[in-house]
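The values are calculated or read from the model by the stated rules, or taken from the named source; none is laboratory data. What you see is a predicted model; the values in this text were computed from it and never measured. Ideal geometry is used to build each Cβ from the backbone, glycine not excepted, and the neighbour counts take in all protein chains shown. Heavy atoms of the whole protein, side chains included, go into the accessibility calculation; ligands, DNA and RNA do not. Shrake-Rupley method; radii C 1.70, N 1.55, O 1.52, S 1.80 Å.
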Amino acid sequence: MSSWKSLLLRLGEKCPEYAGNADFKDQIEACFSVVRREIEHSGDDVFPFLLQCAEQLPHKIPLYGTLIGLLNLENEEFVRKLVEKAQINLQDALETGQCNRIRILMRFLTVLMCSKVIQPSALVVVFESLLSSAATTVDEEKGIPSWQARADFYITCILSCLPWGGAELVEQVPEEIERVMVGVEAYLSIRRRVSDAGVSVFEDIEETDNAVNEKDFLEDLWSRVQDLSNRGWKLDSVPRPHLSFEAQLVAGKSHDLSPVSCPEQPGPPGALSGISFGRQKHEAELKYPQRIRRLNIFPSNKTEDLQPIDRFVVEEYLLDVLFFLNGCRKECAAYMVGLPVPFRYEYLMAETIFSQLLLLPQPPFRPIYYTLVIIDLCKALPGAFPAVIAGAVRALFDKIADLDMECRTRLILWFSHHLSNFQFIWPWEEWAYVLDLPKWAPQRVFVQEVLEREVRLSYWDKIKQSIENAPALEELLPPRGGPQFKYSAEDGTDPTERALSLELKDMVKGRKTVREMISWVEQNVFPAHGFDITLRIVVQTLLDIGSKSFTHLITVLERYGQVIAKMCTDDDQQVKLITEVSSYWQNNAQMTAIAIDRMMSYRLISNLAIVRWVFSSLNRDQFHVSDSPWEILRNAVSKTYNRISDLRKEISSLERSVVLAEGAASRAREELESAESKLSIIDGEPVLGENPVRIKRLKSYAEKAKEEEVSVRESLEAKEALLARAVDEIEALFVSLYKSFLTALAEPLHDASRDGTLRRSGHADDMTIDLEDSAVMELDKDDGRPKKSHPNGSRERNGYNLDEKQQWCLTTVGYLKAFTRQYASEIWQHIEKLDAEVLTEGTHPLVRKAIYCGLRRPLDE
């Protein structure tokens, strides 16, 4: 990398490029002297790289803004072009809805204003453009209130700029910025408060008054900005290097900005039906999502020294680094621990990362990314961060009963993976008390599921060794045994069935064809033994042949899956097939899930059969004590959803290809017609048409272009037919899934709920006290462990005073909400059918609430 690029990239860091000097002023001067000379020779190279640095390392924007301010003193034309390009990028981002780019570019323009590069009044005009669009959107008569998410985002962008430039705006254009603040306050008075119902990490089944009266994210940010204003716009978290060069920067020319325009409203104003409003609201929230939902899992005294706005700014830094450096985790971790703030922020960093890992409806990146970042941070800060993470785990574990079911699953997957990178070391003796809790207690189930996932990542003996300080927890380890083959030599099964199994094995070894096997089954096995025994012989034997490894299983299913497919042609038979698979792998939940998933991939099992099997009496009793049936159901729904998503992507790509093919065919035809219409002189005589050789070539091109267009159109029609079938399939799946939930919940909810609610057996006061105790838990500085111990009695109050039926209902309703939330985009497309067939008047209030919360649909609709 060129030296000037290294200097720009590493600006603000203590690094070799700056000889270890960490002083911002010295670094900016050194970088300025090099970049100024480079602009004279290759300004076109410096221009995009400098803008890219500002956009993708936004926590350094004040440094880049000051550098650009100094360059403005020497080369106004270069800076003018840079400002124009930044504005063009902002306009493009507004039109395409690139939330992160809009927010960062507005911050960049704000900082340029501080460095005298942009006129303050021009920046205020940008603010007012966004404010006007937001106010119009939420207007009941002129706007489309269902798109409030976009309006809220615009206001958030305005407010989030003020920590970086509020002091300068108040000083230079006090009346204009006051007008903006009044406008924001007016907007807040007419918008609807946004409820976190359905997307809250900690959420009780019953809504409390506190949740209703709690500030939403935008109101909270407004209160933080007001606090900043009351403090004279002074804060510690934003560096202000331009003040060191103020005497020089004031001599620079401030550039103007052209007006920016916000996108048109997505539809005509007017009243919408409840369903149309809900669909539009969901679409808007997907396009303009809330960036963070704070967890507050640590005691308040860990961050009490921070001003409210400082917490917001540090969160912005951390989220920016996570977003822009997601491709290089080590750089990400290095930047996260080196933010330009004068205070420690390890607890806030952990809370922010966990807020992203557990963000609902889904995190910005795959959970594995946050796992790797946490691992790298523990290695980068070995003396501090591991203890903070341990404290976070303990705090979340104490509140596990109130954790959303999807978040609970993510936490289990993260924690088991995290421990696998640190030799599975954890003080399990702290949690040994869970053995005294009922088998359905969430804390006990959490420990059980973490140990099961660890076994998947390692092996049984290794995990048993890791809990040697709490040997009693071996009770929660999954079974050690392998597959349960019913026709093994030592098993006392029917000798005739065992002989048929051996015969089938010999046929596989002899590489008999599928046709020969099907004929053998139909002639030698089925007539004498009936369907159930025949299915058991075939499935058990083939699974045993494929039991050595995942590859063996795939090979067996690819070669002989049609034997099973020929036998199991309807859902009833496929449910029995799944039961046989589950019986064979009863000691290995992972292989059960893999085998069923592979069989669905090869169309041996339908998703409807899987739904029926999961909700059969065989599995219902496991809903609240094991994740196994839910894992299988998640895989089935996910695979169906992914098929339809892939088809939509392919159709979108083919539609673009059709347009290109039409254009190519049209151009080839026009070129041929043009050539044929020209007069040419051949052998001294005028002839209509150009050279015959060229015309022949053009005809060939035109024919090929037409054939390509026809081929692409046919491919598009075929994919559209597949999509129509897939849409019908997923609609039937959702109807079946919801009906299964309703049937399963009907009787238990009637018995367990009181007045349409599920309560903690009359111990609400005890539970509240215990939650308050956990909120003020002190963490030891050395290892993050609680300083005070909790006797088992007080532990049991933390959400375990539910009887089994109540816990079963809470868990099942929690999964219902989680499935609804995860696939809300698809469910909204079929909501009319679900309303007609599922959400009828007789639907239990808690079931309706769970589904409506998952869709973020008002209950009074």
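When the chain is described by a simple charge dipole with +1 on each Lys and Arg Cβ and -1 on each Asp and Glu Cβ, the residue from TYR487, ILE533, PHE354 located farthest towards its positive end is TYR487. Each residue was assigned an accessible area with a 1.4 Å probe, and for SER261 the value is about 60 Å².
Calculate the dipole size of the stretch 212-356 relative to its Cα centre from +1 charges on Lys and Arg beta carbons and -1 charges on Asp and Glu beta carbons; express the result in debye to the nearest 20. List each step's numbers first, then the result.
Values: 17 positive and 20 negative charges, 38 e Å.
The calculation lands at about 180 debye.
Within straight-line reach of LYS509, meaning a Cα separation under 17 Å, sit the following lysines at least 8 residues removed in sequence or on another chain: LYS548.
Sorted by packing (mean other beta-carbon atoms within 10 Å per residue), highest first, where do 27-34, 818-825 land? Before the final figure, lay out the partial values.
Details: 27-34: 18.6, 818-825: 21.4.
Descending packing order for the listed peptides: 818-825, 27-34.
Karplus-based coupling profile of the stretch 404-416, in residue order and whole Hz: 3, 4, 5, 5, 4, 5, 4, 5, 4, 5, 5, 5, 5, with θ = phi - 60° in 6.51 cos²θ - 1.76 cosθ + 1.60 and x standing for Gly or Pro.
When each of the peptides 410-421, 441-452, 132-143 is scored by the mean number of other C-beta atoms lying within 10 Å of its residues, the order from highest to lowest reads 441-452, 410-421, 132-143.
Which whole-number percent gives the relative contact order of the chain, counting Cα pairs below 8 Å spaced six or more residues apart? All intermediate terms of the calculation are to be shown ahead of the outcome.
On the way: 958 pairs, mean separation 97.5, N = 861.
Once normalised by length, the contact order is 11 percent.
Selection among VAL712, LEU737, ALA334 by position relative to the dipole of the chain gives VAL712 as farthest towards the positive end (Cβ unit charges, Cα centre).
Indicate the gyration tensor shape class of the stretch 489-618 (rounded, prolate or oblate), computed on the Cα atoms with a ≥ b ≥ c the square roots of the eigenvalues: a/c under 1.5 is rounded; otherwise a/b larger than b/c is prolate and the rest oblate. Verdict is rounded for the stretch 489-618. Stretching SER195 away from CYS328 to a fully extended chain increases their span by 44.4 nm, per 0.36 nm per residue minus the current alpha-carbon distance.
Using a Förster distance of 25 Å, how high is the FRET efficiency between SER549 and SER488, based on the Cβ-Cβ distance and rounded to 0.05?
Working: r = 19 Å, r/R0 = 0.75.
For SER549 and SER488, the calculated efficiency is 0.85.
Among the trypsin sites (Lys or Arg not before Pro) in the stretch 507-590, those located in a DSSP loop and surrounded by at most 14 other Cβ atoms within 10 Å of their own Cβ are ARG511, LYS548.
May I ask you to list the lysines whose Cα is less than 26 Å away from that of LYS805, ignoring any residue fewer than eight positions away on the same chain? Hits, sequence-local ones excluded: LYS399, LYS439, LYS739, LYS817, LYS849.
If I take R0 = 41 Å and measure r between the Cβ atoms of ASP506 and TYR602 in this structure, what FRET efficiency does the formula 1/(1 + (r/R0)^6) give, to the nearest 0.05? So the FRET efficiency works out to roughly 0.95.
Approximating the spin labels as points 7 Å out from Cα along Cα→Cβ, the SER129-to-SER677 distance works out to 4.4 nm. Solvent exposure of the stretch 1-77, expressed per residue, is 44 Å² of accessible area, with all protein chains present and a 1.4 angstrom probe. Counting only DSSP beta bridges whose two residues both lie in the chain, roughly 90 percent are antiparallel.
Computed extension gain for ALA186 through ASN230, at 0.36 nm per residue and net of the alpha carbon distance, reaches 13.9 nm. The charge dipole of the chain, taken about its Cα centre with unit charges on the Cβ of Lys, Arg, Asp and Glu (plus for the first two, minus for the last two), comes to roughly 1720 debye. Amide H contacts of ILE118 (H built 1.01 Å from N, in plane; Pro and chain starts excluded): MET113, HIS255 sit under 5 Å, all sequence-distant by 5 or more or on other chains.
Set Lys and Arg Cβ to +1 and Asp and Glu Cβ to -1, take the dipole of the chain about its Cα centre, and tell me which of SER753, PHE422, ASN230 lies farthest positive. After comparing all options, I get PHE422.
Put a plus charge on the Cβ of each Lys and Arg, a minus charge on the Cβ of each Asp and Glu, and nothing anywhere else: the dipole of the stretch 1-97 about its Cα centre is then about 240 debye. Relative to the current alpha-carbon distance between GLU731 and ARG648, full extension at 0.36 nm per residue lengthens the span by 28.3 nm. Scoring 429-437, 644-652 by mean Cβ neighbours within 10 Å over their residues and listing the highest first yields 429-437, 644-652. Taking a straight line from the alpha carbon of LYS462, these aspartates and glutamates sit under 20 Å away, with near neighbours fewer than eight places off in the same chain left out: GLU429, GLU430, GLU449, GLU452, GLU454, GLU474, GLU475.
Split the accessible area of the chain by element, probe 1.4 Å, and carbon with sulfur accounts for 49%.
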